[in-house]
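What follows draws every value from the coordinates through simple rules; no lab data is involved. Everything numeric in this text was worked out from a predicted model, so none of it was measured. Cβ sites come from the backbone with ideal geometry, for glycine too, and all protein chains shown count toward neighbours.
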Amino acid sequence: MDHGRALSLIDRYLKKNLHGKELREFLDHMESCSACYDELEVRSLVLDVDEALRDGEENDFDFSGRLPARIAKDRRRILLDKLLVVLVGIGGFILVGLIIYGFFFR
Ligand SMILES: [Zn+2]
């Protein structure tokens, strides 16, 4: 993913509108490109502060760990999605195996 594409996806990422391959490529870029990550960090901070002001969380203005925590969570979700695909694949494989087995060895 190039800089322009990554930067154009920041808003969608912050609105939790990125999924699958696009999300993975976006996070890959953010983790390898400090310029884009800085932009993401600033926009994420603006959003967090805005949200905190609206929610009236006056005492909690430490946002430093929020973006890394969010990225880590999204990474875990991507891994779980992959695991699910693998499990469904294995399940399908076993099912087909059982059907073939039942068909030939009754
Ligand atoms: Zn970049």
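Computed from label points 7 Å out along Cα-Cβ, the spacing between Phe63 and Leu84 is 3.0 nm.
Magnitude of the charge dipole for the stretch 1-74, about its Cα centre and with charges confined to Cβ atoms of Lys, Arg (+1) and Asp, Glu (-1), is about 420 debye. I need the calculated FRET efficiency for the pair Glu31 and Val96, taking r as the beta carbon distance and R₀ as 35 Å, to the nearest 0.05. With a Förster radius of 35 Å, E is 0.40. In terms of surrounding Cβ atoms within a 10 Å radius of their Cβ, Arg76, Arg43, Arg106 rank from fewest to most as Arg106, Arg76, Arg43.
Counting Cα-Cα pairs of the stretch 3-104 in 5 Å increments starting at 0 gives whole-percent bin shares of 2, 11, 17, 17, 13, 10, 8, 6, 5, 4, 3, 2, 1, 0. Helices of the chain meeting both criteria, an alpha-carbon length of 20 angstrom or more along the long axis and an average Kyte-Doolittle score not below 1.0, with helices taken as full DSSP H segments, are 66-104.
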